[in-house]
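What follows is a short report on a single structure.
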């Protein structure tokens, strides 16, 4: 599977705040944010529930990946799709870093991806707690 998921019993904005706090505990942060709901409305006049794609990054891990192969930055950051299920529930779908690293034979990238996955799984578990 390309993603691992969790749902939390929090409204959308509160869930994102909890996510940011859980990332910080792993020395990670959000380095990019796409408001898919706003883009769909602006570009297609399409209404949809809140949906964002957040780029999660651990700078130390990103540095290792980029230093091992400068083109590997195209695989960063780790994408996390956040979507409102209803007014009180938010779903998180975490990109599996190991899937992204499977496209290379670079051992540093594979090892770093496993480390990133472990960190993101702890973030997922904190969200569910």
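Every number in this text was worked out from the coordinates using simple rules, so none of it is lab data. From a predicted model like this one, the values you see are computed outputs, not experimental measurements.
Summary of computed values
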read-out	value
Angle in degrees between helix 107-128 and the longest Cα principal axis of the chain, rounded to the nearest 10	30
Gaussian network model of the chain, Cα within-10 Å springs - most flexible of 30, 80, 103	103
Most mobile of 117, 43, 27 in a GNM of the chain (Cα contacts under 10 Å)	43
Gain in span if fully extended, residue 3 to residue 86, counting 0.36 nm per residue against the direct Cα distance	27.8 nm
The chain: angle of helix 12-25 to the longest principal axis, Cα-based, in degrees nearest 10	20
Residue-span extension gain [residue 125 to residue 36] - 0.36 nm each, minus C-alpha spacing	29.6 nm
Nearest 10 degrees, 0 to 90: helix 59-68 Cα axis against the chain principal axis	50
MRE, 222 nm, helices only [DSSP H, n ≥ 4, -39500 (n - 2.57), over the chain, to nearest 500]	-14500 deg cm²/dmol
Relative contact order computed over the range 3-128 (Cα-Cα under 8 Å; 6+ residues apart), in percent	33
